[in-house]
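Asker: Below: one structure in structure tokens.
The values are calculated or read from the model by the stated rules, or taken from the named source; none is laboratory data. Just so we're clear, the structure is a prediction, and the values are computed from it rather than from any experiment. Cβ placement follows ideal geometry from the backbone for every residue including glycine, while neighbour counts extend to all protein chains displayed. Quick note on the areas: whole protein, heavy atoms, side chains included, nothing else; ligands and nucleic acids left out. Shrake-Rupley method; radii C 1.70, N 1.55, O 1.52, S 1.80 Å.
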Amino acid sequence: MELLEEHRCFEGWQQRWRHDSSTLNCAMTFSIFLPPPRDNTPPPVLYWLSGLTCNDENFATKAGAQRVAAELGIVLVMPDTSPRGDNVADDEGYDLGKGAGFYLNATQAPWAAHYRMYDYLRDELPTLIQAQFNVAERSAISGHSMGGHGALILALKNPGKYTSVSAFAPIVNPTRVPWGQKAFSAYLGEDKSSWQAWDSCALMLASDAASAIPTLIDQGDTDQFLADQLQPAVLAEAARQTQWPLTLRIQSGFDHSYWFIASFIEDHLRFHAQHLLK
Ligand SMILES: N[C@@H](CCC(=O)N[C@@H](CS)C(=O)NCC(=O)O)C(=O)O
């Protein structure tokens with residue numbers, strides 16, 4: 001592990017690290033915010049997954065989450081959104097390839113060689129964070145847009161792994177919207193039956209009530225992607241049918257940007273703190 005940057009931030013520290021990922025078969029960079037130590041209890045972790053075109057720095061620099069994370073004593077881990085490097089397959093579009101890993105394990109050439117963000121986030125990165133930092137095992141997960149999709153599928157596919165999940169403007173039904181259909185065709189191939197394992201709505205409908213965890217979603221009602229790509233009402237209907245504890249808040253006048261995230265990130269941190277710090 002190589003420390004690339006370190007900055008004092010409120011009562012904690014903002015750092016940026018590079019490491020070699022054996023899952024992704026390339027070097028990866030992540031950001032982490034470490035709150036000030038308090039007594040002998042190691043702090044829990046909130047994983048943040050960003051959206052299309054982002055890397056580990058968008059949330060770190062634009063969301064303004066550190067002040068409240070320092071106050072609550074929560075570590076923020078901000079991974080990149082895809083494998084990186086000259087040897088990694090890419091596409092000209094902003095919504096496929098680098099910056100658009102969709103938090104799944106690709107099965108199709110040329111993507112399968114590196115695009116395994118699901119395994120990286122489920123196994124390799126948490127193991128690394130546990131080994132390198134003084135943190136508790138308890139963790140929660142959140143994200144934006146493609147990262148909201150990532151947070152939801154990681155939570156839905158791994159009962160017991162996270163105390164709570166939240167999302168801003170998530171892609172809840174990727175198998176039915178253009179962003180998801182383009183990415184899933186490339187990464188998973190044309191057999192659409194394999195797509196269901198990576199779709200929050202399908203996963204929630206197939207979920208076991210006993211594995212449900214508290215879920216908070218915020219969605220701006222003037223988000224330019226709301227009607228074509230996001231459609232959180234489809235997940236709300238799945239939650240109604242399965243009695244999944246979802247709170248969906250429609251926020252008047254907010255768009256898809258980090259200005260929206262910055263406006264409600266404190267609510268999400270306090271929501272996760274209720275479950276992480278029990
Ligand atoms: N660039 C794309 C949109 C990409 C986009 O909105 N990305 C969101 C996540 S889906 C984001 O967080 N962008 C980076 C940022 O705002 O810092 C477009 O022109 O349509």
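Asker: Per-residue accessible area for His7 at 1.4 Å probe radius, Å² rounded to 10?
Answerer: Number for this one is 90 Å².
Asker: Before anything else, pin down the relative contact order of the chain: Cα pairs under 8 Å, at least 6 apart, normalised by residue count, whole percent.
Answerer: 17
Asker: Give me the 1.4 Å probe accessible area per residue for the chain, excluding ligands and nucleic acids, in Å².
Answerer: 41
Asker: Springs between alpha-carbon pairs under 10 angstrom, Gaussian network model over the chain: which of Ala151, Ala202, Ala169 fluctuates most?
Answerer: Maximum fluctuation in the GNM of the chain, among the listed residues, is at Ala202.
Asker: Turning to a different aspect of this structure: How much accessible surface area, in Å² rounded to 10, belongs to the heavy atoms of Ser193 with a 1.4 Å probe?
Answerer: Surface open to solvent at Ser193 totals about 80 Å².
Asker: Quick one: check the C-alpha center-to-center distance for region 59-76 versus region 14-45, whole angstrom.
Answerer: Region 59-76 and region 14-45 have Cα centres spaced 14 Å from each other.
Asker: To continue, here is another question. Given a Förster radius of 25 Å and the C-beta distance between Arg38 and Glu6 as r, what FRET efficiency does 1/(1 + (r/R0)^6) yield to the nearest 0.05?
Answerer: 0.80
Asker: Another one. Top mean-square fluctuation among Ile250, Ile261, Ile217, Gaussian network model of the chain, C-alpha springs under 10 Å?
Answerer: Ile250
Asker: Tell me which residues come under 5 Å, amide H to amide H, from Cys9 once H is placed; ignore anything under 5 positions away on its chain.
Answerer: Gln14
Asker: Can I ask one more? On the accessible surface of region 187-278, probed at 1.4 Å, how many percent belong to carbon and sulfur atoms?
Answerer: Carbon and sulfur together cover 54 percent of it.
Asker: How compact and how long is the chain, expressed as Rg and Dmax of its alpha-carbon atoms in Å?
Answerer: Reported Rg and Dmax, both Å: 17.4, 53.
Asker: Please give the contour-minus-distance gain from Gln196 to Lys278: 0.36 nm per residue of separation, less the Cα-Cα distance, rounded to one decimal in nm.
Answerer: Using 0.36 nm per residue and subtracting the Cα-Cα distance, I get 26.2 nm.
Asker: Could you work out the helix-only [θ] at 222 nm for the chain, with each DSSP H run of four or more residues adding -39,500 (n - 2.57) and the total divided by the number of residues, to the nearest 500 deg cm²/dmol?
Answerer: Calculated at 222 nm, the ellipticity per residue is -8500 deg cm²/dmol.
Asker: Still on this model: Run through the DSSP bridge list for region 163-264 and note the antiparallel percent, rounded to the nearest 5.
Answerer: Close to 0 percent.
Asker: Still on this structure, I have one more. Can you spot the lysines whose alpha carbon is less than 16 Å from Lys98's alpha carbon? Ignore those fewer than 8 places along the same chain.
Answerer: Lys98 reaches Lys182.
Asker: Could you tell me which of rounded, prolate or oblate describes region 135-238, using a ≥ b ≥ c as the square roots of the eigenvalues of the alpha-carbon gyration tensor, with rounded for a/c under 1.5 and, failing that, prolate when a/b is larger than b/c and oblate otherwise?
Answerer: Judged from the Cα gyration tensor, region 135-238 comes out oblate (a/c at least 1.5, b/c at or above a/b).
Asker: If the only charges are +1 at each Lys and Arg Cβ and -1 at each Asp and Glu Cβ, what is the size of the charge dipole of the chain around the Cα centre, to the nearest 20 debye?
Answerer: Its charge dipole is roughly 620 debye.
Asker: What does DSSP give for the chain in terms of the percent of beta bridges that are antiparallel, rounded to the nearest 5?
Answerer: That works out to approximately 50 percent antiparallel.
Asker: Choose one answer from Ala262, Ala70, Ala155: the residue with the largest mean-square fluctuation in a GNM of the chain with alpha-carbon springs under 10 Å.
Answerer: Per the Cα network of the chain with a 10 Å cutoff, Ala262 tops the list.
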